[in-house]
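Student: Dropping the structure in here first, questions after.
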Amino acid sequence: MRTPREPLFLARQSYRKRRIEDAARLLPLLGVILFLLPLMVGGEVGSMRLAYVFTAWFLLIFSAGILSFFLGQNLDQDASGEDTGRPESSGGIDKTSDDTRRL
């Protein structure tokens, strides 16, 4: 029988940053859905549909601005050296310079 594992603890800031990143990734999909809704209804294009399209456009721009603000705050905190909850990796790039390799 398996022993119950302890729940995985994620730091609050890194968890929040990842959820904001997820929301930013889903924003274009939301935009496509919002812009396709008036086309699915059919019928004549009137002033209400035009107002809907521009309102949806404004809300997408406003949402993108808010998400970028919060993502920018998280980047500032990461630059200050706060723990992000992710392991450090070099990404496959050797950080040693050519001079130290020759020695």
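The values are calculated or read from the model by the stated rules, or taken from the named source; none is laboratory data. Bear in mind that the values here come from a model prediction, so they are computed numbers and not experimental data. Cβ placement follows ideal geometry from the backbone for every residue including glycine, while neighbour counts extend to all protein chains displayed. What goes into the accessible areas is simple: the full protein's heavy atoms, side chains included, and nothing from ligands, DNA or RNA. Shrake-Rupley method; radii C 1.70, N 1.55, O 1.52, S 1.80 Å.
Student: Please name all residue pairs, on different chains or six or more residues apart, with Cβ atoms under 8 Å, provided the first residue is in region 1-28 and is more than 17 Å from Gly65 (Cβ to Cβ) and the second residue is at pLDDT 85 or above.
Tutor: Close Cβ pairs (under 8 Å, with a partner that is at pLDDT 85 or above) amount to Lys17/Leu71.
Student: Ok, one more. Being farther than 29 Å from Ile61 by Cβ and open to solvent by 60 Å² or more (accessible area, probe 1.4 Å) is the filter here; which residues of region 1-30 pass it?
Tutor: Met1, Arg2, Thr3, Pro4, Arg5, Glu6, Pro7, Leu8, Phe9, Leu10
Student: Related question: Which residues, counting only those in region 1-34, are of a type in the set (Gly, Ala, Ser) and over 30 Å from Tyr52 (Cβ atoms)?
Tutor: Those that are of a type in the set (Gly, Ala, Ser) and over 30 Å from Tyr52 (Cβ atoms): Ala11, Ser14.
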